[in-house]
1. Restricting to DSSP loop positions (anything but H, G, I, E, B) with no more than 10 other Cβ atoms inside 10 Å of their own Cβ, which GluC sites (Glu not before Pro) remain in the range 104-149?
2. Quick check on the exposure proxy: order Leu65, Leu157, Leu127 from fewest to most C-beta atoms within 10 angstrom.
3. Per the Debye formula with a single identical scatterer at each Cα and no solvent contribution, what log10 I(q)/I(0) holds for the range 61-183 at q = 0.19 Å⁻¹?
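What follows draws every value from the coordinates through simple rules; no lab data is involved. The shown structure was predicted, so the numbers you read here are calculated from the model rather than taken from an experiment. Don't worry about glycine lacking a Cβ; one is built from the backbone with ideal geometry, like all the others, and counts go over all protein chains shown.
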Amino acid sequence: MRGKSAAIEMSIGTIVIVVLSMSMLIMGMILIKNIFSGTSGAVDSINKGVINEINELFTDKNSKLAVAPSTRKIEIEQGTLNQGFAFSVRNVNNEEKRFSYGVSVDPDFSIQSKCGISTREADDWVLVPSGSVNLGHGAKSELPELVTISVPVGAPLCTIPFVVSIKDGATTYVETKVELTILAE
């Protein structure tokens, strides 16, 4: 009889442990869902802020390019991933056009002597350095193009000008510079 009593206590203890474990697992899943829901909401509000800023910059009907931030200056700390800027293009031509874009270190900037790194090394920090967009007459990009930059740990503390070049075929449509200042961690 003693063996059966011990077996029942053991099985009740096991059931309690399983129930508590499942409860904690479910609560953990709910917590994770809430955390990620809040994060995507923050990203949506950031995106809406960038879109609104770019729309405000396009109040001039002849404006071909809008960059956010409008100061065209960004500061990123060493070791920071996926920070950057956004831009949008407007087609002021009378017909639909396919525009290509590229983001690279300003070729007139002597990066080797001023920052101690190569142009290629700094260009590699830009995650998507080129792309293209089709725009109808008078249309602008629905969503801004995001230029994300990952500055590695140990990057030199300096300011590097990047050129955003928009081309209509082989012809430069519009071009601007964005200054990246690297800050200490």
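1. Passing sites in the range 104-149 are Glu142.
2. Ranking Leu65, Leu157, Leu127 by Cβ neighbours within 10 Å, fewest first, gives Leu157, Leu127, Leu65.
3. -0.99
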